[in-house]
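K.L.:
Could you have a look at this structure, given as structure tokens, before my questions?
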Amino acid sequence: MSRSVLVTGGNRGIGLAIARAFAAAGDKVAITCRSGEPPEELTSLGVLPVRCDITDAGQVEQAYKEIEEKHGPVEVLVANAGITKDQLLMRMSEEDFTSVLDTNLTGAFRVVKRANRGMLRAKKGRVVLVSSVVGLMGNPGQANYAASKAGLVGFARSLARELGSRNITFNVVAPGWVQSDMTAVLAEEQREAALDKVPLKRFGTADEIAATVRFLASDDASYITGAVIPVDGGLGM
Ligand code: NAD
């Protein structure tokens, strides 16, 4: 059965792999794009790109209106969009801190709240939040990012309890190191130091994150809510 799926930040990296996986399975997929054009491969899969900065509630409302018009209410939401602004605490400005929280945590709040309007009406829904192993373990230089990603866990678990009786599930995927634009900027010695701590001795792929997200949105996961699933090669255990 084809569902209306929204993947925030679905134009590249992990979000692109998630959007591709749902579209290839026959779902009606929309992605938010903050800027630029969506990749050709998504357009050819019939994915609907919607211009939206998730830090702007007005743009979120507009995006949902467009998606509802074309695909119907969102039945599966993947809150994937996220940013980093790494800095050691004493060099981290308040803006570095609040802007990461505003995108990664409050941005998720904006899109989840709006999606739930339709999910409550439909008496069903699936929400998957993309956190990070850093939100569970912490990481030097990433206090802002870790706080935002840990926040997603409390957010999802509270909503799992609040809305479980309405047949809406909230689960969290916590990727470890994944090959993407976010990790491509690492210097060789940083990559080696990172891999040293990963039992599986390699970075994950975006497709491996997408597979877990799809599982959590599938019927096979119908009795799973409030779960946090690390997809991290064993890094966070
Ligand atoms: P990426 O930088 O390649 O992609 C991030 C996406 O989020 C982009 O599409 C970007 O446009 C979008 N985005 C950022 N701010 C936005 C805003 N204000 N409004 C709308 N869209 C916005 O990163 P990625 O590696 O693909 O990461 C995807 C998610 O996975 C993020 O939440 C990230 O924190 C998380 N994650 C990544 C890794 C990794 O190793 N790459 C590890 C753990 C968690």
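The values are calculated or read from the model by the stated rules, or taken from the named source; none is laboratory data. Every value quoted in this text rests on a predicted model; they were computed, and no experiment measured them. Quick reminder, even Gly has a Cβ in these numbers, built from the backbone with ideal geometry, and neighbours come from all protein chains shown. Protein only, heavy atoms only, side chains kept; ligands, DNA and RNA dropped before computing areas. Shrake-Rupley method; radii C 1.70, N 1.55, O 1.52, S 1.80 Å.
K.L.:
Have a look at VAL127, CYS52, GLN62 and report the one farthest towards the positive end of the charge dipole of region 1-128, computed about the Cα centre with Cβ charges (Lys/Arg +1, Asp/Glu -1).
P.N.:
Of the candidates, VAL127 comes out farthest on the positive side.
K.L.:
Angle between the Cα long axis of helix 13-24 and the longest principal axis of the chain, 0 to 90 degrees, nearest 10?
P.N.:
30 degrees
K.L.:
Under 17 Å from a point placed 7 Å out from the Cα of ARG91 along the Cα-to-Cβ direction: which residues of region 139-163 have their backbone N that close?
P.N.:
139-145
K.L.:
Going by alpha carbons, how many degrees (0 to 90, nearest 10) lie between the helix axis of 107-122 and the longest principal axis of the chain?
P.N.:
30 degrees
K.L.:
Right, here's the next one. Could you give the dipole magnitude of region 98-228 about its Cα centre, charging the beta-carbon of Lys and Arg +1 and that of Asp and Glu -1, in debye to the nearest 20?
P.N.:
Approximately 920 debye in magnitude.
K.L.:
While we're looking at this one, here's another question. Cross-chain or 8 or more residues apart, Cα under 25 Å: how many lysine pairs in region 75-227 fit that? Count them up, please.
P.N.:
Count of close lysine pairs: 7.
K.L.:
On to the next question. Ranked from highest to lowest mean number of other Cβ atoms within 10 Å per residue, what is the order of the peptides 167-173, 80-86?
P.N.:
Result, highest mean first: 167-173, 80-86.
K.L.:
Might you report the magnitude of the Cβ-based charge dipole of the chain about its Cα centre, with Lys and Arg at +1 and Asp and Glu at -1, to the nearest 20 debye?
P.N.:
920 debye
K.L.:
Could you tell me whether region 80-237 comes out rounded, prolate or oblate from its Cα gyration tensor? Rule is a ≥ b ≥ c as square roots of the eigenvalues, rounded for a/c under 1.5, then prolate if a/b exceeds b/c, otherwise oblate.
P.N.:
oblate
K.L.:
Can you tell me the relative contact order of region 36-136? Whole percent, Cα pairs under 8 Å, sequence separation 6 or more.
P.N.:
Averaging sequence separation for qualifying contacts and normalising by length gives 34 percent for region 36-136.
K.L.:
Let me ask something else about it. About the Cα centre of region 1-131, how large is the charge dipole given +1 on each Lys and Arg Cβ and -1 on each Asp and Glu Cβ? Please answer in debye to the nearest 20.
P.N.:
It comes to approximately 640 debye.
K.L.:
Next up: Not counting ligands, DNA or RNA, and with a 1.4 Å probe, what is ASP27's accessible surface area in Å² rounded to the nearest 10?
P.N.:
Number for this one is 20 Å².
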